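Worksheet: one structure, shown below.
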Amino acid sequence: MKKVLILFLVLIAANGYSQTASKPPSSTQTIPYGNNPKAGRYANTDDARIYYEMYGNGQPVVILHGGLFGSTIEMANFIDSLKTDYQVIAISTRGHGKSEIGTGAITYEKKANDIMAVIRSVTKDSVIILGFSDGAYTGYKVASMYPERVKKLIAIGAGEQIPGLRKVMPLTRETVDLDSEFWKEKLALMPEPERLEEFWMNMADFYNTMTASKALFATIKCPVLVMAGELDRNAPLPTVINAYNMIPKSQLSIIPNTGHVVFMENFAAVWASMLPFLRQ
């Protein structure tokens, strides 16, 4: 299956990044996360409907997948593992899965407000956020903008970022041709599949101009576990360590000999790093 070529997920650098795992290794994947009518709901923002699913009971944990190729199903191991003790709120972020693209420029402020619309529709309590890559950057922004609503944050594969540090090229229809079955499934979920290429262009512009630096990190008040694979080429190790150093209440976990999608390569190590942080 060429799906292996597709799931290198968000923030693709100009020199490329390939990932050998196409799905979480230990998840049963019997539940169609991201397309489960029994668990799916919508929250309304000013310009888009945001899709999310809920599982389990307990303290709420918001799960945010990666961008571009990302989807809720990639977070299956986390949902499976957390829903036994927590209330899991798995969100399909703007333009992904069943969530609408909306209007206007994409910003992390807008994405953070999307997440807060979901949180407000579910609970009045503070939440734990677990985000991967684009989802982690969104988590940083939510924690900065809404400190009273974020108890803890786990940020995977998201370091310091300034324009020029990388170059993200817009995807094209040739990407669809690489794995037509994969994209057929994704397009079937999208409320506006005809806007896919427009969305790709907007996301490339967004990623190439975004900034995540001390001005953001210093405003995050909650405890943050900054996590990455040692060999991550999308969030290189020095940028991850910089983010860790800039966040006031931070912890650092680097999983040896793994890349950007670290939780697909070594979920056991990622989970072992998370548990003490969750239980503190």
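Any idea what the relative contact order of the chain is, in percent, if you count C-alpha pairs under 8 Å spaced at least 6 apart?
Details: 586 pairs, mean separation 52.9, N = 280.
Rounded, it is 19 percent for the chain.
Hey, fewest Cβ within 10 Å first, where do Lys152, Lys184, Lys111 land in order?
Working: Lys152 20, Lys184 10, Lys111 25.
Going from sparsest to densest Cβ surroundings: Lys184, Lys152, Lys111.
With unit charges on the beta carbons (Lys and Arg positive, Asp and Glu negative) and the dipole taken about the Cα centre of the stretch 3-279, which residue among Ser133, Thr30, Ser253 sits farthest to the positive side?
Ser253
Have a look at Pro60, Pro170, Val262 and report the one farthest towards the positive end of the charge dipole of the chain, computed about the Cα centre with Cβ charges (Lys/Arg +1, Asp/Glu -1).
The one lying farthest along the dipole's positive direction is Pro60.
Checking the a/c ratio against 1.5 first, then a/b against b/c, what shape does the Cα gyration tensor give for the chain? Could the numbers behind the result be given before it?
Values: a/c = 1.21, a/b = 1.10, b/c = 1.10.
Rounded is the answer for the chain, as its axis ratio a/c remains below 1.5.
Quick check: the distance between the Cα centres of the stretch 215-280 and the stretch 32-101, to the nearest angstrom?
Comparing the Cα centres of the stretch 215-280 and the stretch 32-101, I get a distance of 21 Å.
So how strong a dipole does the stretch 3-279 carry about its Cα centre when Lys and Arg Cβ are +1 and Asp and Glu Cβ are -1, to the nearest 20 debye? Could the numbers behind the result be given before it?
Numbers: 27 positive and 26 negative charges, 164 e Å.
Dipole size: approximately 780 debye.
Counting only other residues whose beta carbon sits under 14 Å from that of Arg173, what net charge do I get with K and R as +1, D and E as -1? Could you put the intermediate results ahead of the total?
Numbers: positive: Lys184, Lys186, Arg195; negative: Glu174, Asp177, Asp179, Glu194, Glu197, Glu198.
Neighbour charge sum, excluding Arg173 itself: -3.
Per DSSP H run of n ≥ 4, the term is -39500 (n - 2.57); total these for the chain, divide by its residue number, and report the mean residue ellipticity at 222 nm rounded to 500 deg cm²/dmol.
The helix contribution divided over the chain gives -10000 deg cm²/dmol.
Cβ neighbours within 10 Å, averaged per peptide: list 190-200, 138-148, 32-42, 238-248 in order, most packed at the top. Please report the intermediate quantities before stating the final value.
Values: 190-200: 14.8, 138-148: 21.9, 32-42: 16.6, 238-248: 19.2.
Most protected by this proxy first, the peptides run 138-148, 238-248, 32-42, 190-200.
Hey, got the dipole for the stretch 145-188? About the Cα centre, +1 on K and R Cβ, -1 on D and E Cβ, debye to the nearest 20? Don't skip to the end; give the middle numbers.
Working: 8 positive and 7 negative charges, 63 e Å.
It comes to approximately 300 debye.
Rounded to the nearest 5, what % of the DSSP beta bridges within the stretch 139-256 are antiparallel ones?
Numbers: 1 of 11 bridges.
The antiparallel proportion sits near 10 percent.
Run through the DSSP bridge list for the stretch 3-279 and note the antiparallel percent, rounded to the nearest 5.
Numbers: 11 of 37 bridges.
So the antiparallel bridges in the stretch 3-279 amount to around 30 percent.
Coordinate-derived values only; no laboratory data. The structure displayed is predicted, hence computed values, not measured ones. Positions of Cβ are backbone-derived with ideal geometry, glycine not excepted, and every protein chain shown enters the neighbour counts.
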